[in-house]
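Heads up: the structure comes next, in structure tokens.
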Amino acid sequence: MPPTDASADAGTAPITPLGSGSGPGTDSEDTLDLRLPDELVALFAEEDGAAGAARAARAGGAAREAGGVAERGDEKGMAKPSGDGTARPTTVTPAGDDLLGPVGAWGPISTPVGEFRLAPVRVDHDLPLISRWMNDPAVAAFWELAGPESVAEDHLRAQLDGDGRSVPCLGVLDDTPMSYWEIYRADLDPLARHYPARPHDTGIHFLIGGVANRGRGLGSTLLRAVSDLVLDRRTSCARVIAEPDLRNTPSVSAFLSAGFRYAAEVDLPGKRAALMVRDRTLRDLL
């Protein structure tokens with residue numbers, strides 16, 4: 001129902017032009033000559049042409065990026081030489097890649113417990129280890145991927161054969177695989193139907209594999225490290241998102257200790273989850 005107060009239509013009164021046949025100025029003698037000088041007309045035409053060319057150039061650039069074509073070695077995401085001549089990855093999202101980019105090229109990060117890196121899963125090599133972790137009762141209770149190796153394999157291949165919006169990885173600490181991670185585009189995931197998603201929100205799923213590595217604070221240390229990697233390597237991402245099961249108290253606690261804030265409870269298929277958010281603007285405060 002439209003507002004009934006007088007301010008509802010403020011500024012919307014129609015303006016009657018001079019010489020329009022109604023109201024003041026209807027006589028031809030009151031009509032103003034609004035013809036512009038030829039020089040101004042030519043100038044406007046020249047500016048319009050330049051603007052059109054700029055728009056065309058931008059459109060062409062967007063089309064090239066949409067096709068994933070990088071035309072120069074210094075495009076976003078390409079390695080640039082450092083002062084000593086070695087190539088180092090830049091900390092930006094690659095041009096033309098509006099999903100996740102090359103997670104495997106994010107490189108290692110130093111943590112209080114050692115050097116850590118994400119290694120994209122190679123099914124033929126990594127499946128036995130991941131399947132063994134998935135069959136651990138503590139893991140199976142929340143991941144629900146216990147069973148023969150084919151169960152975990154189907155889960156992995158669904159991501160690897162997709163469009164790159166989810167990348168399964170092993171977490172390698174000092175050259176030892178000890179955790180499993182999924183880095184995914186939360187804004188392109190079904191999760192986005194359940195919270196106010198923003199473009200380039202990036203999500204994290206994770207588990208600690210070996211029993212000996214649990215209960216020692218490794219989870220929160222590595223969650224902080226991985227979310228730092230996401231924010232450093234994907235400058236278009238303003239938030240890292242997670243949605244652990246509310247019943248998984250150790251996991252929720254690990255996210256809180258890693259600088260995530262508890263944003264809401266959300267009902268997802270099969271679970272009630274805690275929506276955890278790590279904001280770029282708050283990363284140095286939490």
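So what's segment 103-279 giving for Rg/Rh, alpha carbon basis, Kirkwood Rh from the mean inverse pair distance?
Here Rg/Rh amounts to 0.92.
Probe radius 1.4 Å, ligands and nucleic acids ignored: give me the carbon and sulfur share of the accessible area of segment 103-279 as a rounded percent.
For segment 103-279, the apolar C and S fraction of the accessible surface comes to 53 percent.
Within segment 234-276, which residues have the backbone N less than 12 Å from the label spot 7 Å out from Ala105 along Cα→beta-carbon, could you tell me?
Those under the cut-off are none; the list is empty.
Quick one: pull the percentage of alpha-carbon pairs in segment 190-286 with a separation above 19 Å.
More than 19 Å apart: 39 percent of the Cα pairs in segment 190-286.
Using the alpha carbons of segment 177-239, what is the convex hull volume per residue in cubic angstrom, as a whole number?
96
For Ala264 paired with Arg132, estimate the spin-label separation in nm (one decimal), with each label point 7 Å from Cα along the Cα-to-Cβ line.
It is 4.1 nm.
Compute the Kirkwood hydrodynamic radius of segment 97-195, taking the inverse of the mean of 1/r over all pairs of distinct Cα atoms, and give it in Å to one decimal.
For segment 97-195, inverting the mean 1/r across all distinct Cα pairs yields 14.6 Å.
Taking 0.36 nm per residue of sequence separation and subtracting the Cα-Cα distance, how much length would be gained by fully extending the chain between Phe142 and Ala238, in nm to one decimal?
Stretched out fully, the Phe142 to Ala238 stretch lengthens by 31.8 nm.
Hey, what's segment 103-279 come to in accessible area per residue, 1.4 Å probe, Å²?
Counting only protein heavy atoms, the per-residue value for segment 103-279 is 44 Å².
The values are calculated or read from the model by the stated rules, or taken from the named source; none is laboratory data. Just so it is clear, the structure is predicted and the values come from calculations on it, not from any experiment. Every residue, glycine among them, receives a Cβ derived from its backbone with ideal geometry; neighbour counts consider all protein chains shown. Heavy atoms of the whole protein, side chains included, go into the accessibility calculation; ligands, DNA and RNA do not. Shrake-Rupley method; radii C 1.70, N 1.55, O 1.52, S 1.80 Å.
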